[in-house]
Amino acid sequence: MKTLKIIPRPFAWMPFFFIIAVACNKSAKGPGSGASGSNSVRIFLMDDPGLTFDHLFLDIQKLEIKVEDSDQREQEDHDRQGSEDRDRNGETSGGWVNVPISAGVYDILHFRNGLDTLFASTSFAASRSFEKIRLTLGSNNSIMVNGTSVPLTLNGNDNIVVIKVGDDLLDDRPSSFDISIDIDAGRSVVQHGSRVELKPVTRVFRKEKAGAIEGRVLPQDANPIVMAIHGADTATTRPEREGEFKITGLAPGTWSLLIRSMSGTYQDTVINNITVQKEDVHIGTVTLHR
């Protein structure tokens with residue numbers, strides 16, 4: 001497991017993936033049928049590199065989870081829009097619990113292709129339901145390309161990222177589980193004229209309910225990117241220096257793999273009909289040709 005590197009100042013360029021893993025010792029969805037005690041929560045951070053940027057430095061100032069009892073959840077269902085607006089405005093009422101973290105600027109690029117690091121841990125009453133995760137970002141977000149640092153602008157309340165944990169993720173009422181949050185790099189970093197804006201777009205998954213595709217791409221000078229495609233769903237990664245890659249969080253189904261050279265001197269390669277289940281799929285070594 002890598003050590004998390006905290007950068008004490010704003011720095012540089014790169015879109016990102018982002019993982020939060022939650023492990024609980026009792027069912028964390030719905031009332032605990034009279035269970036007492038607490039559920040423990042561990043949070044991990046990882047990255048999936050983007051296509052254009054070399055680095056993303058993300059200023060994470062606050063992490064919260066929303067846990068509710070049955071009365072709170074019923075009230076939120078009756079006032080869903082109002083509750084969502086309050087959550088987006090950063091209000092702390094309605095079951096929000098602060099999770100202690102080391103606030104600062106994190107080099108997300110250190111955590112990619114399946115690597116992660118422990119980010120935070122906390123606990124909450126076992127009788128409560130785990131509903132949402134909320135990140136609050138500071139102003140020192142930036143991306144870097146070819147050694148050039150460019151700040152990322154946050155508009156309005158884009159610094160507050162609220163992620164709903166759907167019932168379908170925890171319908172098996174697991175005693176322990178991981179929840180992963182993917183912040184889509186390609187859609188989260190947007191350029192408007194001379195400004196580059198950060199508008200986080202997220203999806204969530206559980207590794208226990210998802211699969212992965214891994215392999216190796218050669219040669220290194222092709223500077224390849226690898227895209228897994230399933231209908232409207234797309235997940236992207238950039239291989240490591242020796243060509244190894246791993247794309248995680250894929251829903252079970254039939255996927256295609258598009259491998260594209262960023263150098264422009266090699267032909268694209270497409271691998272169709274990859275069956276993904278709740279396990280890793282190994283495709284071996286793929287060699288790109290001129």
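The values are calculated or read from the model by the stated rules, or taken from the named source; none is laboratory data. What you see is a predicted model, and the numbers here were worked out from it, not measured in a lab. Here Cβ is always computed from backbone atoms with ideal geometry, including for glycine, and neighbour counts include all displayed protein chains.
Considering the stretch 80-95, the residues that are over 26 Å from SER127 (Cβ atoms) and out of contact with any strand residue (DSSP E or B) (no Cβ under 7 Å at 6 or more places or on another chain) include one that is surrounded by the most Cβ atoms within 10 Å (Cβ to Cβ), namely ASP85. Based on what the data block shows, is VAL226 in contact with a strand residue (DSSP E or B) (Cβ under 7 Å, 6 or more places away or on another chain), in the same structural domain as THR136 (by TED's automatic domain parsing) and free of Cβ contacts under 8 Å to residues at least 60 places away in the same chain? Here the answer is no, as VAL226 does not meet what is asked.
Answer yes or no as to whether SER256 is at pLDDT 90 or above, polar (S, T, N, Q) and either in contact with a strand residue (DSSP E or B) (Cβ under 7 Å, 6 or more places away or on another chain) or farther than 30 Å from ASN39 by Cα (or both). Answer is yes for this residue. Among the residues of the stretch 128-169 satisfying the criterion of being polar (S, T, N, Q) and surrounded by 20 or more Cβ atoms within 10 Å (Cβ to Cβ), which is farthest from the chain's Cα centre (by Cα)? It comes out as SER129. Screening VAL204 with (1) over 14 Å from the mean Cα position of the chain (by Cα); (2) of a type in the set (Val, Ile, Thr); (3) assigned to a strand (DSSP E or B); (4) surrounded by fewer than 20 Cβ atoms within 10 Å (Cβ to Cβ) gives one miss only, at (1). Restricted to the stretch 55-110, the set of strands (runs of 3 or more DSSP E) holding at least 1 residues that are under 20 Å from VAL201 (Cβ atoms) comprises 55-68, 104-107. Could you please let me know if GLY215 is assigned to a strand (DSSP E or B), out of contact with any helix residue (DSSP H, G or I) (no Cβ under 6 Å at 6 or more places or on another chain) and not charged (D, E, K, R)? So GLY215 fits the description; yes.
Take the stretch 232-250 and flag every residue that is modelled with pLDDT of 90 or more and part of a loop (DSSP other than H, G, I, E, B). GLU242, GLY243 - these are the residues of the stretch 232-250 that are modelled with pLDDT of 90 or more and part of a loop (DSSP other than H, G, I, E, B).
The set of residues in the stretch 194-213 being of a type in the set (Val, Ile, Thr) and modelled with pLDDT under 85 consists of VAL201, THR202, VAL204. Checking the stretch 230-253 against the condition returns no match, with no residue being farther than 16 Å from ILE271 by Cβ, under 15 Å from the mean Cα position of the chain (by Cα) and of a type in the set (Lys, Arg).
Number of residues in the stretch 111-136 that are of a type outside the set (A, V, I, L, M, F, W, C), part of a strand (DSSP E or B) and at pLDDT below 85 equals 6.
Just checking, does the stretch 187-198 include any residue being in contact (Cβ under 8 Å) with a residue 60 or more places away in the chain and surrounded by fewer than 18 Cβ atoms within 10 Å (Cβ to Cβ)? Looking for residues that are in contact (Cβ under 8 Å) with a residue 60 or more places away in the chain and surrounded by fewer than 18 Cβ atoms within 10 Å (Cβ to Cβ), one finds none in the stretch 187-198, hence no.
Just one of the listed residues (THR265, THR248, THR275) is surrounded by 13 or more Cβ atoms within 10 Å (Cβ to Cβ), of a type outside the set (A, V, I, L, M, F, W, C) and on the phi < 0 side of the Ramachandran plot, and it is THR248.
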